[in-house]
Amino acid sequence: MRLKPAGIIVILLIIGLLAYFALKPKMSELRNENGEELPNTSASKDNGTSDKTNSTTTTSGTKDEDREFNYTPEKPQNGTLRGVVEVGATGFNSFVINMDNQNRWEIVSKDFGESLTYEGLATTDDIRAGLKKYLAAMFDKGVAKNNMHFVISSGAQKEPKTTEISNELKKMGYVVNLVTAEQEGKFGFSATVPPSFADNSYLIDIGSGNTKISWNENGSLKSLELPGAKYFEKGVSDDQVYDQVKSGALKIPEGKRNVGFILGGVPFTLAKQHRKGEERYTVLRAPQSYNASDKKMGAGLNIYKAIAEATKTDTFVFDWDANFTIGFLLSLKK
């Protein structure tokens with residue numbers, strides 16, 4: 001019997017439907033094998049989560065998404081209050097921490113150059129009176145005089161006013177510690193990089209006068225000094241600094257590039273733009289996600305971009321509590 005065209009079409013439709021339902025399970029299986037329905041694990045890295053006392057996770061996301069760094073430092077046990085004052089180029093930064101004999105610490109107070117600047121300290125009498133008032137406020141927080149320390153950073157040592165401040169502090173019976181750029185990098189690493197990340201990550205501290213990069217290699221800390229975020233004041237071009245910083249960052253061993261922990265004035269400004277509350281850690285966005293509001297920020301972003309492109313690190317974590325001066329405290333004998 002000869003089939004009419006309409007009958008042929010019906011038969012073909014039936015055959016097509018049977019083939020579709022027969023192959024559907026296999027098609028689903030192929031989708032799974034191609035990874036379309038599986039969680040994306042290709043971006044995951046070993047971030048040292050073997051630390052039993054802490055949860056260390058970084059959420060995944062695109063470069064422009066706000067991510068979280070979920071790490072909780074151990075609390076100090078039977079700690080002692082210690083204070084440190086950084087004598088900076090324009091004023092003081094001060095920190096009071098509770099610290100135990102295992103170098104576990106927590107911030108008690110922090111003050112970034114707001115309570116005492118050098119503008120009103122015209123004479124030595126002004127300096128002495130200002131320092132006494134400033135120190136009294138720190139003593140009121142419970143810091144003993146013998147646990148108060150003073151540090152002058154490598155960049156601030158070039159400022160004439162810090163010499164006057166240093167001399168007055170010495171007359172008051174205090175020791176003033178001069179710190180090199182190399183020491184700043186190492187102290188910053190000790191204060192900022194969590195123990196479970198110490199063997200696979202690194203620190204960047206973008207200061208005005210210089211940038212420090214440090215990492216742990218074969219049981220000892222290595223540190224590099226590179227241009228800071230005010231390099232434009234010296235007439236140095238963006239391209240020149242970019243190349244210099246990128247060349248320096250390439251010295252970080254590939255096995256140490258998991259997370260870049262970051263400090264400094266420009267990173268502070270970047271993190272402030274999308275901090276969600278009072279969390280200690282803020283994951284920075286990719287450098288190209290920010291717009292520079294002034295020359296210093298633009299220079300800092302140029303440095304950040306050079307490091308990111310050299311290392312291929314995709315997670316940079318700003319620590320709101322850490323500072324190289326806290327690392328100085330951790331280095332002292334208990």
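The values are calculated or read from the model by the stated rules, or taken from the named source; none is laboratory data. Only a predicted model underlies this, so the values are computations on that prediction, with no experimental measurement involved. Neighbour counts run over all protein chains shown; Cβ positions are idealised from the backbone, glycine included. Side chains are part of the model used for accessible areas, which takes the heavy atoms of the whole protein and leaves out ligands, DNA and RNA. Shrake-Rupley method; radii C 1.70, N 1.55, O 1.52, S 1.80 Å.
Describe numerically, in nm with one decimal, the distance between label points set 7 Å from Cα along Cα→Cβ at Thr123 and at Gln77.
Here the answer is 5.4 nm between the modelled labels.
Net charge near Thr192, counting Lys/Arg +1 and Asp/Glu -1 over other residues with Cβ under 12 Å of its Cβ?
-1
For His149, list long-range residues whose amide hydrogen, built 1.01 Å from N in the peptide plane, is under 5 Å from its own amide hydrogen.
Gly83, Val84, Val85
Rounded to the nearest 10 Å², what accessible area does Met172 show when all protein chains are kept and the probe is 1.4 Å?
About 30 Å², ignoring ligands and nucleic acids.
Treat every Asp and Glu Cβ in the stretch 96-230 as -1 and every Lys and Arg Cβ as +1, leave all other atoms uncharged, and give the resulting dipole magnitude about the Cα centre to the nearest 20 debye. Write out the running numbers ahead of the final one.
Values: 15 positive and 17 negative charges, 56 e Å.
The calculation lands at about 260 debye.
Pairs of Cα atoms under 8 Å, at least six residues apart: use those to get the relative contact order of the stretch 190-240, whole percent. Spell out each step's value before the answer.
Values: 65 pairs, mean separation 13.5, N = 51.
Across the stretch 190-240, relative contact order equals 26 percent.
Treating the beta-carbon of each Lys and Arg as +1 and of each Asp and Glu as -1, no other charges, what is the dipole magnitude of the stretch 233-334 about its Cα centre, to the nearest 20 debye? Write out the running numbers ahead of the final one.
Values: 16 positive and 12 negative charges, 63 e Å.
So the dipole magnitude of the stretch 233-334 works out to roughly 300 debye.
For Arg67, which sequence-distant residues (separation of 5 or more, or a different chain) have an amide H within less than 5 Å of its own amide H, given hydrogens modelled in the peptide plane?
So Arg67 has HN proximity to Val283.
How big is the convex hull of the Cα atoms of the stretch 71-207, per residue, in Å³? Write down the numbers at each step before the final one.
Numbers: hull volume 16.1 nm³, N = 137.
Convex hull volume per residue, Cα atoms: 118 Å³.
With all protein chains present and a 1.4 Å probe, how do Asp321, Asp294, Asp140 order by accessible area, largest first? Please list the in-between numbers first.
Details: Asp321 25, Asp294 85, Asp140 135 Å².
So, going from the largest accessible area down, we get Asp140, Asp294, Asp321.
For the stretch 171-276, what's the relative contact order in percent, using C-alpha pairs closer than 8 Å and at least 6 residues apart?
Relative contact order comes out at 29 percent.
Please work out the Cα convex hull volume for the stretch 203-299 and give it in Å³ per residue. Mind showing how you got there, number by number?
Numbers: hull volume 10.7 nm³, N = 97.
Taking the convex hull of the Cα positions in the stretch 203-299, it is 111 Å³ per residue.
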